[in-house]
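Right, one structure below, let's go through it.
The values are calculated or read from the model by the stated rules, or taken from the named source; none is laboratory data. These numbers come from a predicted model, not from an experiment. Here the Cβ is made from the backbone with ideal geometry for all residues, glycine too, and neighbour counts use every protein chain on show. Surface areas here come from the heavy atoms of the whole protein model, side chains and all, with no ligands, DNA or RNA. Shrake-Rupley method; radii C 1.70, N 1.55, O 1.52, S 1.80 Å.
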Amino acid sequence: MIEVVFRRYDAIPADADGFHPRRRPPPGSRRRIKQTPAVNLIERLRTQREGVLHFVTDLRVPFDHNLAERDLRMPKLKQKVSGCFRSTEGAEAFAMVRSYLSTLRKQSVDLYQALVMTFQGQPPMPRLVGITAIIYLYSSTLLPSKNL
């Protein structure tokens, strides 16, 4: 089934090449010719194949990025309604509360109960799944290696 999806995906840029051919430089010229947006998209679909189809091979990866868009929707709406935040501290507090509630929602925690517990001084902590792997990746990419 996965191979069928990959073959069908590969057919899309191949078919699109016929409708949107690449522009060629004039004979004898070495300069790069600016391509149309359609040609650039076709090329990106071809080169980013594994990234685009990652959700097929790893079922933990969502098909779309709606969760990220939903996380950005409320701050953008607040910006449209009120224009901006009055202070940096207010913006940071708003972002912290929104991030905390969004994480709890993604982990299927009842938000009302979580807020009640928070105001009682016992805030529920989100589960930190895979935090060890994240810390390792972060430290291995930013810190110098001891083997050098």
Cross-chain or 6+ apart pairs with Cβ under 7 Å, the range 98-113 first and farther than 14 Å from Ala68 by Cα, then among the small types (Gly, Ala, Ser) and open to solvent by less than 90 Å² (accessible area, probe 1.4 Å): Leu104/Ala114
Do any helices (runs of 4 or more DSSP H) entirely within the range 13-92 hold 3 or more residues that are among the basic types (Lys, Arg), and if so, which? 66-82
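Suppose we filter Leu137, Leu115, Leu77 for residues that are modelled with pLDDT under 85 and farther than 21 Å from Arg60 by Cβ; which single one remains? Can you show your working first?
Working: Leu137 fails: farther than 21 Å from Arg60 by Cβ; Leu115 fails: modelled with pLDDT under 85.
None of the others qualify; the one that does is Leu77.
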Between a first residue in the range 1-23 that is closer than 17 Å to Glu50 by Cβ and a second residue that is part of a helix (DSSP H, G or I) and polar (S, T, N, Q), which pairs have beta carbons less than 9 Å apart while being 6 or more apart in sequence or on different chains? Ile2/Thr57
